[in-house]
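Since the structure comes first, as structure tokens, the remarks are kept for the end.
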Amino acid sequence: MIKAVLGSVPMFWPGLFCSLVPAALLNQPVGRLLRAHWAVAFLLLLALGGVLTLTLLPDAHGPVRELSRAAVRHCALDGAGPRTPGAWPASRHTGLDVALFVPVGLAAALAGTRRRAAVVLLGAAALPFAVELAQYAVPAIGRACDAQDVRDNLVGLALGAGIGLLAGPLVRAGARSRRERRT
């Protein structure tokens, strides 16, 4: 499934590489801004680059001109309610939509102080809505706006944030012990 999805986004690997460069260059300043470790900032920037690459680059189903002519400006709102975990396998991209936002939630939950982490999580929660709005507003990319994607992205964000909140004390304790050993 993942191979098929990545195959439909021919610019995924160049897009991921283009995400690596800003993540490598900006992890220190973003880490200082968030009062977080540079690795957390790197993960956050790389995860955001992956989200943008997989959701906003044109699909490989045809040239961009054909996509823009065939694109329909609508947003599928059916099935936006809660879905039981047993119904997830029936959806084509549910797993990918969830997995795509887990690293964002994880990095956001580990981002510095609790207040800063809350602000980053709030911004991250707005990201699925912004992505679907962009997919609706720019039909030339050949992506469909779908409320189910928002729901699945928010589930992934919540899972990642939960993992980050559980792992946060362990990460901070490890960092403290490394600092104490240095002194």
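The values are calculated or read from the model by the stated rules, or taken from the named source; none is laboratory data. Note that this is a predicted model, so its numbers are computed, not measured. Here Cβ is always computed from backbone atoms with ideal geometry, including for glycine, and neighbour counts include all displayed protein chains. With ligands, DNA and RNA removed, areas are computed over all heavy atoms of the protein, side chains included. Shrake-Rupley method; radii C 1.70, N 1.55, O 1.52, S 1.80 Å.
Some notes on this structure:
- Förster-model FRET efficiency, 45 Å R0, Leu56 and Glu180, C-beta, rounded to 0.05: 0.55
- Simple spin-label estimate for Ala126 and Leu159 in nanometres, 7 Å along Cα-Cβ: 2.6 nm
- Rolling a 1.4 Å probe over the protein chains gives Phe42 an accessible area of about 60 Å².
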